[in-house]
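The block underneath contains the structure these notes are about, expressed in structure tokens.
Every read-out reported here was derived from the displayed coordinates using simple, explicitly stated rules and does not represent laboratory data. Not measured: the values here are computed from a predicted model. Note: ideal-geometry Cβ built from the backbone for every residue, glycine included; neighbour counts use all protein chains shown.
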Amino acid sequence: MALDLPERERAELAAWRDELIAGRGDLRPVKEEALHVTLAFLGWRPQKEIAAIAASIQAAYDERADSHAFRRTRFVPREVVSVPPQRARLFALDLEDVGGHGAELQQAVSDALEAGRFYKPEKRPFWPHVTLARVKRNLRAEPLPPDPPPVGAFKAAQVTLYRSTLRPQGAEYESLAEWRLPE
């Protein structure tokens, strides 16, 4: 489950990221269309569960449509961080969750998925971020330059249930269900 970035901001972030990693053979950029904020990572699920997973999110969406939980979430890009900090496996753009609405949305999604027994919530708190690039297998990567992100605050307007298929070139994402978030 993920929050999709607005198209313009996603394209600007991808172009900026491409400049940051130009000439680096140690990194694999995340495809532009795959730049998103993860709300819940479900791991492998049988195909027969997809409709029930989507139905559980739809029920939560319908139940909380008038609350802040399912509203557009405003994020402010901060800085690129390496994860983990000492021997990076990936580089992500840290986001400020303005007003905490992203955390509310993540909690609503997590609760719905847990109630359906599709997900076990993580113990660590929600960290809004966008993965920009992954370190290639068996390589070490130096940090990215501290260039400021090219976009200011933006609102994520859609929640998507994705299927990710891992390939040597990186994950490919297929949208299985989508929910537009009201203003």
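Assorted remarks:
- Chymotrypsin sites (Phe, Trp or Tyr not before Pro), loop per DSSP, at most 12 other Cβ atoms within 10 Å - longest free stretch of the chain: 45-183
- For L132, distant residues with modelled amide H under 5 Å away: F91, A92, L93
- Angle in degrees between helix 101-115 and the longest Cα principal axis of the chain, rounded to the nearest 10: 60 degrees
- Cα long-axis angle, helix 7-21 against the chain (0 to 90 degrees, to the nearest 10): 30 degrees
- log₁₀ of I(q)/I(0) at q = 0.13 Å⁻¹ - the chain, Debye sum with one point per alpha carbon: -0.68
- Dipole size of the stretch 2-176 about its Cα centre, with +1 on Lys/Arg Cβ and -1 on Asp/Glu Cβ: approximately 720 debye, rounded to the nearest 20.
- Site pair S164 and R24 shows an inter-label distance of 1.8 nm when each label is modelled 7 Å from Cα along Cα→Cβ.
- R0 of 25 Å, Cβ-Cβ distance E33-R78: FRET efficiency to nearest 0.05: 0.60
- Projected label distance in nm at E172 and R89, using a 7 Å step from Cα toward the beta-carbon: 2.4 nm
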